[in-house]
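Notes for the one structure printed next.
The values are calculated or read from the model by the stated rules, or taken from the named source; none is laboratory data. What you see is a predicted model; the values in this text were computed from it and never measured. No Cβ is skipped: glycine too gets one built from the backbone with ideal geometry, and neighbour counts run over all protein chains shown. Only protein heavy atoms, including side chains, enter the accessible area calculation; ligands, DNA and RNA are left aside. Shrake-Rupley method; radii C 1.70, N 1.55, O 1.52, S 1.80 Å.
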Amino acid sequence: QLQLQESGPGLVQPSETLSLTCTVSGEFITSGFYYWGWIRQPPGKGLEWIGSLFHSGSTYYNPSLKSRVILSVDTSKKKLSLKLSSVTAADTAVYYCARPAVTSFDYFNYWGQGTLVTVSS
Amino acid sequence: QSALTQPASVSGSPGQSITISCTGTSSDIGYYNYVSWYQQHPGRAPKLLIYEVNNRPSGVSNRFSGSKSGNTASLTISGLQAEDEADYYCSSYTSTITLVFGGGTKLTVL
């Protein structure tokens with residue numbers, strides 16, 4: 001059974017770069033043709049798609065975040081990573097990694113538990 | 001890209017049916033049959049309920065159903081139960097190869 005686990009610093013200084021990792025267990029990242037997604041949710045607010053990454057490395061980003069975000073995959077370490085630069089308080093959110101059960105871009109069956117990142121000095 | 005439009009809240013009594021709407025544009029909901037719905041209980045990760053407008057993943061109750069007409073998608077929950085009280089989000093693939101979520105709807109079971 002696929003399991004996803006997000007991790008990273010719970011507190012990031014404004015203007016710095018937020019770096020998160022999604023550890024994949026139960027399957028190899030390269031075991032299929034999947035779009036791995038990152039989604040965030042500010043406290044008390046709705047979901048926002050950050051971007052998706054195909055296992056080969058192709059990336060797709062939310063236009064509103066595209067200039068600040070980089071998604072990547074380290075297949076040998078079974079990890080996905082998200083880097084968001086020049087963060088502000090508006091980037092405070094629970095960050096999720098997710099994946100569909102099949103090769104599909106538009107929905108996610110599997111989700112991590114999420115990790116809360118607070119941007120504050 | 002703009003978020004899809006959902007009502008902020010809906011409510012219903014146990015046993016009743018409710019419908020949550022999700023309105024987009026001809027570049028997202030109206031263009032593709034790639035609409036999904038998620039249920040989220042407080043403090044939990046979202047759970048996929050419906051994908052590609054009207055398909056249920058294995059294990060999701062058949063009380064949940066989806067449909068689409070034009071630029072508006074809908075989620076219907078029949079035989080409302082107390083455990084259905086949660087937030088519900090729609091999502092759609094877009095013509096620019098992105099995903100967009102709705103603002104979310106809080107369902108209260110009276």
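Checking the range A:108-119 against the condition returns a match, with at least one residue being away from every other protein chain (no Cβ under 13 Å), surrounded by fewer than 18 Cβ atoms within 10 Å (Cβ to Cβ) and modelled with pLDDT of 95 or more. Which condition number does residue A:70 fail, the rest of (1) under 19 Å from residue A:117 (Cα atoms); (2) in contact with a helix residue (DSSP H, G or I) (Cβ under 9 Å, 6 or more places away or on another chain) being met? All conditions are met except number (2). Apart from one condition, residue B:68 fits all of (1) assigned to a strand (DSSP E or B); (2) open to solvent by less than 60 Å² (accessible area, probe 1.4 Å); the exception is (2). When residues in the range A:75-107 are screened for being at pLDDT 95 or above, touching a Ser or Thr at 6+ places or on another chain (Cβ under 9 Å) and surrounded by fewer than 16 Cβ atoms within 10 Å (Cβ to Cβ), 5 of them pass. Summed over the range B:61-110, residues that are facing another protein chain (nearest Cβ under 10 Å) and free of Cβ contacts under 8 Å to residues at least 60 places away in the same chain total 3. When you scan the range B:40-53, do you find a residue that is outside any loop (DSSP other than H, G, I, E, B), touching a Cys at 6+ places or on another chain (Cβ under 7 Å) and either open to solvent by 70 Å² or more (accessible area, probe 1.4 Å) or more than 19 Å from residue A:62 (Cα to Cα) (or both), even just one? No; the residues of the range B:40-53 include none that is outside any loop (DSSP other than H, G, I, E, B), touching a Cys at 6+ places or on another chain (Cβ under 7 Å) and either open to solvent by 70 Å² or more (accessible area, probe 1.4 Å) or more than 19 Å from residue A:62 (Cα to Cα) (or both).
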